[in-house]
Amino acid sequence: MGLFTELKDSISRVTDRLFSEEEPKRIGIYGPPNAGKTTLANRIARDWTGDAVGAESHIPHETRRARRKEGVEIERNSKSVEIDIVDTPGVTTKVDYEEFTDEMEEDDAIRRSREATEGVAEAMHWLREDVDGVIYVLDSAEDPITQVNTMLIGIIESRDLPVLIFANKIDLDDASVKRIEDAFPQHETIPLSAKEGENMDEVYENIAEYFG
Amino acid sequence: MPKATNTDDPEGPDGVQIDLISGERMENMATMEKIRMILDGVHDGNIVILEEGLTPDEESRLIEVTMSEISPDEFNGIEIETYPKSKTNDSSLLGRIMGGEESTAKLTVIGPANQIETLHKDETLISALVSRD
């Protein structure tokens, strides 16, 4: 290869790299309801931008619409990645408004369930069309082998999307990270407590390494 | 698809209809045809059993369409449980010799969320308790 061709190839590689690095990766935070997705999204957004993404709650489907925090630049161990965090509603195959009537008036419960169903439908659509990678959040105190988790992991794998599994809520007494590792051994599992901020260094190392 | 008799006709037989749909019937259907067939059955109060299951993309669209059809006091969504078939059993001999693509065939049970009390799966059994209400 001549010097000119070599130089041209080298410039082209650098240019491609610069352009590809300018585009933030859209990383969808997916998982079942109440796994701590919004708490994690808020923790990441606050740590790197100072702002939160959305309200957190113990009531299922508090996040009824996907929310995006753009331009979150995460750096660890000389690796860095700029991501847009997309916090999605908890994916489920059923929503019953009566589950919310203990906490709120019937009209509000109906409105919440309607928003939740629209939010889940959007989240499923975006999983097929609009995300570059997935952080799949599970509650490590719950059984991870559910049909929704199995289906969603299968959908993510079928689209060849990079996925990190986060075993959240390790601060709980019933937490078992091994149960999650055993359920999805084909993927990296990172233990954490988004609420308490435990093990966030490893979380950021993996995000920078895996999605960068 | 036979018409459900348990919910449409108040004077009809009291029971739960189970539709067992063969892989052959599904193989030439488009994704939305399959989803429509499943959800029409579930809306009628039927339990739908798919011999060959759905692809991941079809499962994703099933969740999306199900969510768009949920309505207070009418339709709460679906319960779904799937069995991956044994890779050894459902590969053809030629496929096994040639190391061909793994079969994704799987048995899937889908029913209305408000009628299926429990849908439990262990290694060799899917068990559903169906209410007639």
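The values are calculated or read from the model by the stated rules, or taken from the named source; none is laboratory data. Here the structure is a predicted model, which means the values were calculated and not measured. Cβ placement follows ideal geometry from the backbone for every residue including glycine, while neighbour counts extend to all protein chains displayed. Only protein heavy atoms, including side chains, enter the accessible area calculation; ligands, DNA and RNA are left aside. Shrake-Rupley method; radii C 1.70, N 1.55, O 1.52, S 1.80 Å.
Remarks
- If the chain linking A:E198 and A:A52 were pulled fully straight, counting 0.36 nm for each residue of separation and taking away their Cα-Cα distance, it would gain 50.8 nm.
- If both residues of a DSSP beta bridge must be in region A:57-212, then about 50% of such bridges are antiparallel.
- Region A:99-212: relative contact order as a whole-number percent, Cα under 8 Å and 6+ apart: 22
- Where labels lie 7 Å past Cα in the beta-carbon direction, separation of A:Q186 and A:S80 in nm: 3.5
- Rolled with a 1.4 Å probe across the full set of protein chains, the surface gives A:S78 an accessible area near 130 Å².
- Chain pair A, B: total accessible area buried, heavy atoms, 1.4 Å probe, Å²: 1900
- Across peptide B:108-119, the average count of Cβ atoms from other chains found within 10 Å of a residue's Cβ is 1.
- Backbone phi angles across region B:39-53, fed through the Karplus curve with coefficients 6.51, -1.76 and 1.60 (θ = phi - 60°), yield HN-Hα couplings of 6, 4, x, 5, 4, 7, x, 8, 9, 10, 10, 9, 4, 9, x Hz in residue order; Gly and Pro are listed as x.
- In percent, rounded to a whole number, the relative contact order of region A:32-158 is 26, using alpha-carbon pairs under 8 Å and six or more apart.
- Residues of region A:117-150 with amide N under 11 Å of the 7 Å Cα→Cβ point at B:S68: A:121-122, A:125
- Extension gain, B:M32 to B:L125: 0.36 nm times the residue separation minus the Cα-Cα distance gives 30.6 nm.
- In this label model, B:H43 and B:D57 are separated by 2.5 nm, measuring between points 7 Å along each Cα→Cβ vector.
- Which of B:L62, A:L161, B:L107 is most accessible, then next, and so on - probe 1.4 Å: B:L107, A:L161, B:L62
- Burial here means at least 10 square angstrom less accessible surface with every protein chain in place than with the chain by itself, probed at 1.4 Å; in region B:49-71 the buried residues are B:P56, B:D57, B:E59, B:S60, B:R61, B:I63, B:E64, B:M67, B:I70.
- For peptide A:121-130, the mean count of partner chain Cβ atoms within 10 Å of a residue's Cβ comes to 4.
- Peptide A:96-102 shows a mean partner chain C-beta count of 2 within 10 Å per residue C-beta.
- FRET efficiency, 1/(1 + (r/R0)^6) with R0 22 Å, evaluated for A:A141 and A:E73 via beta carbons: 0.10
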